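Have a look at the structure below, then the notes.
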Amino acid sequence: MLLPLRRLPGLLRRSLSTAASPPAWAMVYRISTADESARGVSLSLAPPPLASRVSIPRHVFGLEPFPDNTDRDPVNFFSIAPPAPKEGSDPDTGRNFINVFGSGVLAASGDGLLLLGAYRNRANAWAMFKHQVPSPAPFEVLDQVYARSFYDPMRVSRFVCNPVTGEMVRLPDFDGTENAFSAATGLLTQADTGPGRGPPKRYAAAQLGVLDGGQRFLLRRLSSETGEWDELVLPSPLPPGRRMHMNHEVLDFGGRLWWVDVSWGAVCVDPFSDRPELCPFELPGDVMLPDQQSEEEMWQLLNHRRMGVSDGALRFVEVSQEEPFRIKSFTLDDESGRWMVVHQVSWRTLCSEARATPLIAAIDPLSADLLHLHVPVGKGFCVTADIRWKRPVESMALGSGIHPSKCESSFVLPCVLPSFLGSSPIPGKNNVSKNKTLADVLVRSDRHPKT
């Protein structure tokens, strides 16, 4: 059995509705683009359920202008396959190696700061594209590199960003070998008077990885007060033989970071604590799956299950995958420490004409009654539904620049944008590698021979 769900005194209540005016929020498209002339990060806001777009300055990749003086985005870098090697030549020669770039939004804090990742990979062009021509859609090339490249590991540079002011602070890299691409990383912010009560005075970034087949966890954490990463190995609070799949975004809630496995529950930890401890929280009994799920099953499950923070409470939503596609919403009660059903509605009631299973796009962070759904029909469209009064509120196409093939499994990220962000500098020791680009780091690391 899992450890009993424990109440966290004073931490589970984080009401946004008590503010003088509700803060704005955005559904941030997690695939970012690069801007040739930008000096900082920028957020192109769109009202939900439309997705807002993030752009980062191209200089973070350390790229020189393209020889043909075009303005191609490094994310869309290779829109045609490279030429095949000449007959009798070695396809692994240096001239066939290429660099592939990409960037994306990794997490959002409860106070509106973003954690971004900029990726760079060196791979064999012919081996990578031998059977499939790369697509010009963002991250499609990146996905192929990650799946096919055995020549160089994916490297990632992380930035804490203020999407309103454009300020970016580069985090230092981890020491040694680490799975930087896939391990789930979150961002937590705190004010002097507690979470959710003013401009952030400090933040913590943390990454949780699985060790020994799931028997232990590796917690890497960085505080803005120290500007350095440290590592801790923590015992797993899960049942023996159960491994956690962390393909859900990491949540900032109640002064803790929450890593979610939508098949059984979540673990949370205070990254600022001198003695951090992983606390488990099970899903409701009729939702939790008793058997271990495969990677492929978990990605499919993530389309229909989501955990999030809404109106100061932790919420969980499930959309059944069979007719009539029943939507069930739960909230974690901070008095009893138990999940309570708050809404149930059939998708057929909300959209009688739809014939496709809706996917969860985002839990509304300001209203427990609103849910944003993605319907994969044609090029796809988003529906905002009031699940309390059982009626659709709004429906619209995904918008330009949003690629339907990538609109599954957390393709948008809810991000609250309180008014104080416009005058809030990113806290902490921000001189740490602040002005180094990802290319600077790669040049330095490439000087060390691989073992």
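Numerical summary
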read-out	value
Sorted by Cβ neighbour density within 10 Å, fewest at the top, the residues Arg306, Arg242	Arg242, Arg306
Label-to-label distance, nm, for residues given as Asn247 and Asp291 (7 Å Cα→Cβ offset)	1.7
Value of D in µm² per second that Stokes-Einstein yields for region 304-408, Kirkwood Rh from Cα pairs, at 10 °C (1.306 mPa s)	113
Least to most buried among His304, His248 (fewest other Cβ within 10 Å first)	His304, His248
Dipole magnitude of region 304-408, debye to nearest 20 (Cβ charges: Lys/Arg +1, Asp/Glu -1, about Cα centre)	320
FRET efficiency for Glu323 and Arg202, using Cβ-Cβ distance with R0 set to 41 Å, rounded to 0.05	0.25
Sequence-separation-based contact order of region 304-408, relative, with Cα cut under 8 Å and 6+ spacing, percent	19
Highest average packing first - 421-427, 110-116, 264-270, 41-47, Cβ atoms within 10 Å	110-116, 264-270, 41-47, 421-427
Label-point gap, in nm, between Glu277 and Thr165 - each point 7 angstrom along Cα→Cβ	3.7
Potential lengthening between Asp192 and Arg348 on full extension [0.36 nm per residue; Cα-Cα distance subtracted]	51.5 nm
In nm, spacing of pseudo-spin labels at Ser44 and Arg216 (7 Å Cα→C-beta vector)	4.7
Neighbour-count order for Glu323, Glu228, fewest beta carbons within 10 angstrom listed first	Glu323, Glu228
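Taken together, the values in this text are just the output of simple stated rules run on the coordinates, not laboratory data. Predicted, not measured: the structure shown is a model, and the values here were computed from it. Methodologically, a virtual Cβ is constructed for each residue, glycine included, from the backbone with ideal geometry; neighbour enumeration extends over all protein chains shown.
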